[in-house]
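Single-structure report; data block below.
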Amino acid sequence: MLQTVASTLIGVIVPLSVPVAAGALLARFRAWDTKPLLSLYLYVLSPAIIYDTLRNAHISLDELYSTIGFALVNLLLMWGVAIAAGRLARLDSAERAGLTLISTLTNSANYGLPLVLLAFGQLGLDKASVYVITQMILVNTVGVYFAARSQFSVQSAVKSVFALPAVYAAALAVFLKCFGLHLTAGLEQGISMVADAYSPVVLTILGAQMVKVGRPEAKQVKPAAFWAGTAIRLLLAPLIAFTALKLLGISGLLFSVLFIQASMPVAVNAVVLAERFDAAPGLVSKCIVWTTLASFLALPALIVIVQALS
């Protein structure tokens with residue numbers, strides 16, 4: 001067992017850690033500004049990999065419905081856990097909002113997609129792409145609601161979803177696939193080339209963001225709030241995902257991919273929402289750093305376990 005985990009750690013996590021470490025070093029010693037690359041990620045790389053993956057994906061309608069259903073069920077379960085934990089820990093309203101973001105928003109795109117590709121291959125990436133699109137929509141609707149219920153606007157949430165280029169890329173890929181149409185060979189090849197750049201670039205950005213996300217106010221975070229968020233993300237999230245997947249009757253490779261995606265550390269963009277709506281950004285940023293670091297050891301073990309069970 002330990003040998004298998006170590007092998008997975010070396011084969012999956014070590015390759016991912018190289019660009020992450022490079023980004024962290026650039027941010028620490030060169031004061032690297034990631035904003036231009038964030039625009040590249042949002043408007044170029046993300047739409048490209050979503051289009052390229054969905055266009056060539058081997059995924060059935062049943063798997064599509066199962067993925068969306070699981071994303072919604074898991075979201076509701078994690079929301080309930082966050083509410084219960086917030087009450088038990090006697091957190092204030094801002095801390096409860098931050099704990100909800102920690103519990104429900106996972107780093108399924110810029111960390112999850114490269115991880116799934118290395119651990120489960122192209123077929124796993126095909127299945128993960130639907131979950132990532134669903135997560136993008138949830139972050140910009142339900143995520144905003146969680147961060148600022150008093151300021152939540154359905155109109156602004158809908159606008160934020162349709163401002164995502166990846167949504168249009170997914171719609172185009174599905175449309176072409178359903179009607180058996182194609183872009184020109186040159187365009188398809190060009191999009192594939194851009195998609196190939198996704199993993200190294202976004203992992204480098206992730207490393208830089210981890211350094212920058214260590215906010216000064218993180219030092220004043222209540223221990224009860226920090227440990228609640230960390231325990232939910234690292235311990236309860238995999239258990240809840242496993243239970244939900246079993247109850248929904250999901251099995252095989254789709255089970256493995258969704259389980260790992262739902263067990264990812266806290267999404268970096270959770271702190272963006274926390275900052276914007278004053279939802280305990282110090283707590284959120286501290287949990288992002290520590291759950292991401294812990295995931296380098298936890299995820300190889302989870303990958304080995306889920307591969308043995310599926």
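Rolling a 1.4 Å probe over the protein heavy atoms of segment 164-210, with every protein chain left in place, gives an accessible area that is 75 percent carbon and sulfur. Ligands, DNA and RNA are left out, and with a 1.4 angstrom probe the accessible area of the chain is 46 Å² per residue.
Which whole-angstrom value gives the distance between the alpha carbon centres of segment 232-246 and segment 15-68? Answer, in whole Å: 24. The listed peptides 166-179, 71-84, ordered by packing as a protection proxy, come out as 71-84, 166-179 (highest mean of other Cβ atoms within 10 Å first).
Here the Karplus relation 6.51 cos²θ - 1.76 cosθ + 1.60, evaluated at θ = phi - 60°, turns the backbone of segment 120-127 into coupling constants of 10, x, 4, 5, x, 4, 3, 6 Hz, with x for every Gly and Pro.
Taking amide H positions as modeled 1.01 Å from N, with prolines and chain starts lacking one, no residue 5 or more places away or on another chain lies under 5 Å from residue 222. Specify whether the C-alpha gyration tensor of segment 29-115 places it in the rounded, prolate or oblate class, a ≥ b ≥ c being the square roots of the eigenvalues: rounded for a/c under 1.5, otherwise prolate if a/b is larger than b/c and oblate if not. Note, shape of segment 29-115 comes out oblate. Normalised by 2.2 N^0.38 Å, with N the number of residues, the alpha-carbon radius of gyration of the chain equals 0.96.
Ranked by the mean number of other Cβ atoms within 10 Å of their residues, highest first, the peptides 222-228, 61-67, 123-129 come out as 123-129, 222-228, 61-67.
Once the cut-off is 25 Å, how many percent of the Cα-Cα pairs in segment 171-309 end up in the long-distance tail?
Percent of Cα pairs beyond 25 Å in segment 171-309: 47.
Calculated mean residue ellipticity, 222 nm, the chain: -23500 deg cm²/dmol, from DSSP H runs (n ≥ 4) at -39500 (n - 2.57) each, averaged per residue and rounded to 500.
Proximity of backbone amide H atoms, modeled 1.01 Å from N, is registered between residue 106 and 267 at under 5 Å, excluding neighbours fewer than 5 places apart on the same chain.
Solvent-accessible area of segment 1-119 (1.4 angstrom probe, protein heavy atoms only): carbon and sulfur portion equals 66 percent. The calculated FRET efficiency for the pair residue 185 and residue 58, based on their C-beta separation and a Förster distance of 22 Å, comes to about 0.60. Using a probe of 1.4 Å on the protein chains alone, the accessible area found for residue 43 is around 140 Å². The lysine pair tally for the chain, using Cα distances under 26 Å and a gap of 8 or more places or different chains, is 10. Compared with the direct C-alpha span, the chain from residue 21 to residue 76 gains 16.4 nm at full extension, assuming 0.36 nm per residue.
Applied to segment 164-169, the Karplus parametrisation 6.51 cos²θ - 1.76 cosθ + 1.60 on θ = phi - 60° returns per-residue 3J(HN,Hα) values of 8, x, 4, 5, 5, 5 Hz, with x for Gly and Pro. In sequence order, segment 252-260 has phi-based couplings of x, 5, 4, 4, 4, 5, 5, 4, 5 Hz under the Karplus curve 6.51 cos²θ - 1.76 cosθ + 1.60, θ = phi - 60°, and Gly or Pro positions carry x.
On full extension, the segment bounded by residue 88 and residue 10 gains 24.2 nm, given 0.36 nm per residue less the C-alpha separation.
The values are calculated or read from the model by the stated rules, or taken from the named source; none is laboratory data. Just so we're clear, the structure is a prediction, and the values are computed from it rather than from any experiment. Heads up, the Cβs are rebuilt from the backbone with ideal geometry, glycines too, and the neighbour counts pull from every protein chain shown. We work out accessible area using only protein heavy atoms, side chains counted, and drop any ligands, DNA or RNA first. Shrake-Rupley method; radii C 1.70, N 1.55, O 1.52, S 1.80 Å.
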